[in-house]
Structure formats: C-alpha cells, structure tokens
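> This structure is in structure tokens; I'll ask about it shortly.
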Amino acid sequence: MTTQAPWWQNAVGYQIWPRSFCDSNGDGIGDIPGIISKLPHLADLGIGFVWLSPVYASPQHDMGYDISDYRAIAPEYGTLTDMDRLISEARDRGIGIVMDLVVNHSSHEHEWFRAASASRDAPEHELYVWRDPAPDGGPPSDVQACFGGSAWNWCEAVGRYYLGYFSPYQPDLNWQNPALRRAIYDMMNWWYDRGIAGFRMDVISLIGKDVDAGVFEEGPDLHDFLQEMHRETRSDRDILTIGESWSVSRETAPLYCGRDRAELDMVFQFNHITRQWDPEHGKWRPRPFDLVAFKEELFGWQEALAEDGWNSLFLTNHDLPRQVSKYGDDGEYRVRSAKCLATMLHLMKGTPFVYQGEEIGMTNIRFSRLDQFRDLETLGLFEAEIAAGVSAEEFIAGANVNGRDNSRTPVQWTAGEHAGFSSGTPWIEVNSNHATINVDDDRAAPDGVIAHYRRLIELRRSYRIVSHGRFEGAAPEHPQVVAYARHLDGQRLAVIANLSGDTVDFDVPEEIATAGECLSHTADPRSAVAGRLSLLPWEAVAVLGAGG
Ligand code: GLC
Ligand code: CA
C-alpha cells in the first residue's frame with residue numbers, strides 16, 4: 001500500500017500582501033474584493049494555495065502584523081463575508097487560502113491589552129508579559145526591540161513594564177498562560193471551520209521564550225506548545241502549517257517538521273538570506289553577494305531535510321527585497337535572470353513560494369528621502385543605525401537594497417495610471433517602471449516571465465521527480481553556476497543555472513550529466529548537459545534523462 005503524499009508537496013504557494021495587491025474601490029489600499037477579482041490570474045499560474053498576509057482588524061502600525069481582533073477583518077480590506085467569499089471562490093478554482101497567524105504578540109489596541117493595561121486585577125492582565133521596574137525604576141532588562149528602542153514599555157496605569165519584542169504597538173502575548181493558549185487554539189479552530197487551508201505562523205519560534213533568562217528564540221517551551229497546538233487544532237484536518245523562524249538551523253529544523261513530531265509541516269528558514277548580511281549592521285550595510293555561501297545553505301538544507309521534514313523554497317517575501325534586484329539583474333537581463341532564479345529554486349525539493357509581482361520580475365524601488373518609506377522597521381531603526389555610525393545616506397542606500405518597502409510597492413498590473421492597481425492615490429508610491437514592467441505586457445510577450453513560472457509550476461504538478469526526486473548538489477565551489485540533479489526511479493533531472501551576466505564555460509560534473517528531454521530553459525533549449533557547456537548570461541536549463 002502506498003500512502004498518498006500530502007497535497008502541498010506538489011503545490012506551489014503564492015504570497016499575497018493585501019495592501020498592495022489590488023484595490024477594488026479606489027481608496028488606494030488593496031482589499032479582499034480586489035484579490036477575488038484576480039483569482040483568474042492565480043488560477044492561470046497554476047498555484048495550489050495562497051499565503052495571505054494578515055487581513056485582520058489592525059491599526060496597521062506593522063501592516064497587519066499587529067492584530068486588534070483575530071475574528072474580524074480590517075474594514076479597509078473588506079468584511080468577513082468578503083473573506084468567506086474569497087475562501088469559497090478560491091476553493092472552486094482549486095486554490096487553498098492559508099492565513100497568517102500572528103500570535104507571538106497582538107496589537108496594543110486589542111481589547112485584551114486594553115483591559116490588561118488598565119488594571120493589574122483584570123484577568124486579561126495575565127495574557128501579556130509584565131515585569132516590575134528595575135530598582136532604579138528603569139526597564140527590567142536591556143533587551144532591545146526588533147524595530148528599535150527598548151523592548152520594555154512603561155505602563156503608568158499598572159506601574160509595570162510590558163514586553164513588546166517588536167515594537168510598543170505589538171505587546172507580547174503570555175504563552176505561559178493556559179487561558180491564552182486556549183483562546184488562540186479556539187480562534188484557530190474557528191478559522192479552520194470557515195474553510196481555510198492552513199496557517200503560516202508568524203515568528204512562531206518566539207512563543208516558547210524564557211524572558212527572565214533572556215532566551216527569546218527557540219525557548220524551552222517552544223516544542224511543547226507546538227505539540228499542544230497540533231493536538232488541539234489539527235485533528236484530522238487536511239491542512240498546511242508553515243512556521244516562520246529566523247533562528248531555526250539545519251540541526252533544529254527536524255524538531256519542527258519531522259515526521260513523528262506532530263508540530264508543523266514545514267518552516268520558513270532564513271539562513272540563505274541572513275548569511276549574506278553584515279555581522280554588525282545586518283541588512284543595513286549590504287555586502288557583495290557570495291554565491292558559494294548561498295549554495296552551501298541551499299544545498300545544506302536540501303540534505304538536512306532529505307529523509308525527514310520538508311523544505312520551503314523562497315528567495316523573497318514581504319520582509320525582503322525583490323529577488324531580481326537582489327540576486328538577479330534588474331537591468332539588461334531582467335527577464336532572463338528572473339526566469340533563471342525561478343528555475344534554480346523551483347526545481348529543488350520542497351514547496352516553492354512566489355511573492356506577488358515576482359512572476360513578472362518586479363524590481364526594487366529607489367527612494368531618495370526617508371519620508372518616502374512607509375515601513376515601521378526602516379523608520380524605527382534609522383536612528384539606532386545612525387547612532388551606531390551608519391551615515392543617513394548609507395542607511396537610505398541600504399534600505400533601497402534590502403528594506404522591506406521594496407516588496408511592498410503595488411503590484412503592476414498595467415502600464416496605465418497607478419499601474420492599474422488603484423483608481424485612487426496608492427498608499428505608497430508605485431514603481432515608475434510599471435510603464436514597461438506589468439502583468440499585461442508580460443502576458444502578451446511570447447517569452448514573458450509569467451509563462452516561465454506557469455511551466456515550472458506545472459512541472460512540479462506533473463513530474464514526480466520534481467516533487468519527490470532525491471536531491472544531489474554539484475560543483476559547490478563554482479562561483480557563478482548552481483548545478484544539481486534530482487533522481488527518481490532510474491531517471492535523472494539535471495538543473496544548471498548560470499547566476500551571472502557573463503558567458504561561462506562550465507564542465508558538467510559527471511554525476512549530474514544527462515541527455516533527453518529539455519523541461520525548462522531560459523535561453524535556447526538543450527537536449528543534453530554533459531562535457532563542457534558554454535552557458536549564456538543567466539542561462540538556466542533543466543534536462544530529464546537517464547541516470548538514476
Ligand atoms: C514577521 C513578519 C513581519 C513582522 C514581524 C512581526 O517577521 O513577517 O512582517 O513585522 O514578524 O510580526
Ligand atoms: Ca481598497
């Protein structure tokens with residue numbers, strides 16, 4: 001008897017960041033009816049599910065990652081009825097809706113926090129993390145918030161500090177409290193019962209923290225809580241859970257998504273991203289891209305989860321720059337490099353994620369003034385970085401390379417006004433390159449980026465070697481080329497991608513060479529990859545043949 005592989009193992013996910021996806025009513029803000037209107041675009045790509053960034057009620061200090069009511073939709077995004085309609089209309093097209101679960105913290109405007117911060121005697125007080133002041137009246141520890149300043153925030157009414165590990169607008173929920181955990185699981189079940197296909201769990205590796213020991217990431221109770229959550233919410237539901245973790249390593253990943261763990265299906269890990277960051281100034285002081293280190297991470301993760309667990313595959317999301325600008329060439333070779341990066345990633349083993357606009361090769365935006373940025377992180381860390389010796393110019397240059405607003409400019413649907421995103425003034429500037437980079441034009445081009453993504457997504461659905469073949473990395477030290485093979489039932493799929501703007505003579509390693517059918521290519525098709533190949537700039541090719 002063979003057990004059927006879970007649906008998400010040959011599906012491709014598509015992330016929607018609702019504020020910038022599509023605006024249906026001209027208020028300049030993307031919304032749920034706008035998403036519904038674009039379901040044909042998603043169905044045409046062939047995606048299996050949407051990861052929908054938060055649409056819950058929120059004051060939007062961190063663009064919805066600060067939720068004030070977990071069972072309500074932000075009015076600017078629509079209503080619960082719109083949400084139900086999105087779930088059912090997506091389902092009719094074979095697309096599941098995976099919601100974002102942001103439960104490390106709530107908004108400071110959540111009714112729990114209002115009650116909690118009004119009185120120590122309110123039962124809600126226990127739902128958050130409070131500490132008395134240090135003997136000198138200052139914060140209980142010097143832990144810093146991710147978005148700048150102390151993580152401890154003084155609350156006069158109760159005479160205590162509360163923890164806001166990200167910002168004062170995002171008070172940490174107290175996972176040590178069983179009533180809190182019960183309330184979260186009930187809320188999750190309420191959404192599952194509405195028909196969603198799963199949850200992407202925001203910074204989930206923080207929930208087991210031991211605040212007094214100063215252990216935040218992957219704290220002592222993390223896995224107990226994830227197992228409890230699984231028991232209380234999963235039952236026999238056929239859903240997908242993905243945990244976001246900025247600290248998970250190849251060693252700890254199996255604890256989250258190992259077969260017998262009963263925790264999560266996969267994790268979003270960031271080792272391949274953060275490895276490229278400056279050790280001191282992180283992403284604000286960009287460094288030259290190191291492909292060998294990049295491969296060491298990607299290949300290493302493929303190997304670490306080869307037998308147990310499952311990889312998520314992504315190069316960007318709403319917290320990261322546009323991938324064609326970061327890793328590709330957003331000038332002369334924009335189209336080909338966008339396809340090359342996609343090929344390199346999508347033919348690995350795991351579940352690939354496409355971030356809105358990636359399928360047309362959208363690029364970073366270039367701002368020259370701080371007031372053009374909208375992101376709490378960028379605005380919040382400016383002063384700290386200046387104080388740490390980064391100049392204002394350097395900081396803005398860094399934000400233009402790595403800042404979160406790059407991925408948050410509106411999706412470019414047309415060459416027309418506001419890129420067809422909205423009939424009103426968008427909440428953040430539209431990239432002026434929408435005149436040439438937009439969905440309409442890409443779709444009309446015979447060799448557009450969309451067509452390439454459609455093909456890659458279809459390959460995963462129809463070739464088991466793509467979804468389940470064993471991965472074997474090759475030429476790890478080559479500074480320009482990513483090369484690997486997949487193996488299944490005596491077949492071999494060789495994937496070779498030149499991640500550079502140079503023509504590269506590449507000696508195909510024997511263990512991945514093959515000849516047969518060209519499944520995907522960004523330049524001319526090839527029916528064999530063996531011996532010495534002269535790879536064109538940003539050429540990627542995948543050949544399926546014999547070789548086991
Ligand atoms: C995650 C989200 C990010 C958010 C943060 C705090 O990293 O992806 O957008 O700011 O968590 O919720
Ligand atoms: Ca709107």
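> Taking 0.36 nm per intervening residue step and subtracting the Cα-Cα distance, what contour gain separates ASP27 from ASP224 on full extension?
Numbers: separation 197, 0.36 × 197 = 70.92 nm, distance 4.41 nm.
Value of the extension gain: 66.5 nm.
> Could you calculate the FRET efficiency of ASP186 with ASP84 from 1/(1 + (r/R0)^6), where r is the beta carbon distance between them and R0 is 25 Å, rounded to 0.05?
On the way: r = 19 Å, r/R0 = 0.75.
Approximately 0.85, to the nearest 0.05.
> What do you get for Rg/Rh of the chain when both radii come from the Cα atoms and Rh is the Kirkwood radius?
That ratio equals 0.96.
> Between ASP447 and GLU156, what is the label-point separation in nm under the 7 Å Cα-to-beta-carbon projection?
My value for the distance between the label points is 6.6 nm.
> Report, in debye and to the nearest 20, how large the dipole of the chain comes out about its Cα centre when Lys and Arg carry +1 and Asp and Glu carry -1 on their Cβ.
Working: 48 positive and 81 negative charges, 276 e Å.
Dipole magnitude for the chain comes out near 1320 debye.
> Give the distance, in whole Å, between the Cα centre of the range 244-299 and the Cα centre of the range 426-488.
Cα centroid of the range 244-299 versus Cα centroid of the range 426-488: 21 Å apart.
> Now, a different point. Subtracting the Cα-Cα distance from 0.36 nm times the residue separation, let me have the gained length for GLU394 to ASP505 in nm, one decimal. Could the numbers behind the result be given before it?
Working: separation 111, 0.36 × 111 = 39.96 nm, distance 3.68 nm.
The GLU394-ASP505 span can extend by a further 36.3 nm.
> Please return the longest stretch of the chain lacking exposed loop sites, where GluC sites (Glu not before Pro) count only if DSSP places them in a loop and at most 10 other Cβ atoms lie within 10 Å. Before the final figure, lay out the partial values.
Details: sites that count: GLU156, GLU251, GLU280, GLU307, GLU477.
Longest site-free region, per DSSP loop and neighbour criteria: 308-476.
> If you place +1 on the Cβ of every Lys and Arg and -1 on the Cβ of every Asp and Glu, how big does the dipole about the Cα centre of the range 362-472 come out, in debye to the nearest 20? Walk me through the numbers before you get to the answer.
Values: 12 positive and 16 negative charges, 160 e Å.
Here the range 362-472 has a charge dipole of around 760 debye.
> For every helix of n ≥ 4 consecutive DSSP H residues, a contribution of -39,500 (n - 2.57) applies; sum these over the chain, divide by its total residues, and give [θ] at 222 nm rounded to the nearest 500 deg cm²/dmol.
-7500 deg cm²/dmol
> Mind listing the phi-derived Karplus ³J(HN,Hα) values for the range 46-57, rounded to whole Hz, using 6.51, -1.76 and 1.60 with θ = phi - 60°, and x for any glycine or proline?
x, 5, x, 7, 9, 8, 9, 4, x, 10, 6, 4
> Same structure again: To the nearest 20 debye, what is the magnitude of the charge dipole of the range 102-211 about its Cα centre, counting +1 on the Cβ of each Lys and Arg and -1 on the Cβ of each Asp and Glu? Could the numbers behind the result be given before it?
Values: 9 positive and 14 negative charges, 56 e Å.
Using Cβ point charges on Lys, Arg, Asp and Glu, the range 102-211 gives about 260 debye.
> Between LEU39 and ALA122, what is the label-point separation in nm under the 7 Å Cα-to-beta-carbon projection?
Each label point lies 7 Å from its Cα, and together they span 3.9 nm.
> Something else now. Output the antiparallel fraction of DSSP beta bridges having both residues in the chain, as a percent to the nearest 5.
Values: 44 of 69 bridges.
Rounded to the nearest five, the antiparallel share is 65 percent.
> Tell me, what is the FRET efficiency for ARG369 and SER247 to the nearest 0.05, using R0 = 51 angstrom and their Cβ-Cβ distance as r? Kindly include the intermediate steps, with their values, before the conclusion.
Values: r = 34 Å, r/R0 = 0.66.
After rounding, the FRET efficiency stands at 0.90.
> Could you derive backbone 3J(HN,Hα) for the range 396-407 from the dihedral phi with the Karplus parameters 6.51, -1.76 and 1.60 (θ = phi - 60°), listing whole Hz in sequence and x where the residue is Gly or Pro?
5, 4, x, 5, 5, 7, 10, x, 6, 5, 3, 8
> Could you tell me which of ALA306, GLN491, ILE360 has its Cα farthest along the dipole of the chain towards the positive end, charges placed at Cβ (Lys, Arg +1; Asp, Glu -1), taken about the Cα centre?
Of the candidates, GLN491 comes out farthest on the positive side.
> What does the extension gain come out to for GLU429 and PHE289, with contour length at 0.36 nm per residue minus their alpha carbon separation? Can you show the working numbers first?
Details: separation 140, 0.36 × 140 = 50.40 nm, distance 2.77 nm.
Between GLU429 and PHE289, full extension yields 47.6 nm more.
> Moving to a separate point now. What number of lysine-lysine pairs in the chain show an alpha-carbon separation below 21 angstrom, given a sequence spacing of 8 or more or placement on distinct chains? Spell out each step's value before the answer.
On the way: LYS283/LYS295; LYS283/LYS326; LYS295/LYS326; LYS295/LYS339; LYS295/LYS349; LYS326/LYS339; LYS339/LYS349.
For the chain, qualifying lysine pairs total 7.
> Here is a follow-up. Roughly how many nanometres apart are two label points built 7 Å out from the Cα toward the Cβ at GLU307 and GLN176?
3.9 nm
> Further question on the same structure: Near ASN25, within a Cβ-to-Cβ distance under 15 Å, what is the net charge of the other residues, with Lys and Arg +1 and Asp and Glu -1?
In short, -3.
> R0 = 60 Å: FRET efficiency of ASP132 with ASP489, Cβ-based, nearest 0.05?
Working: r = 64 Å, r/R0 = 1.06.
Using R0 = 60 Å, I get an efficiency of 0.40.
Just so you know, all these numbers are worked out from the coordinates, no wet-lab data involved. Not measured: the values here are computed from a predicted model. Here the Cβ is made from the backbone with ideal geometry for all residues, glycine too, and neighbour counts use every protein chain on show.
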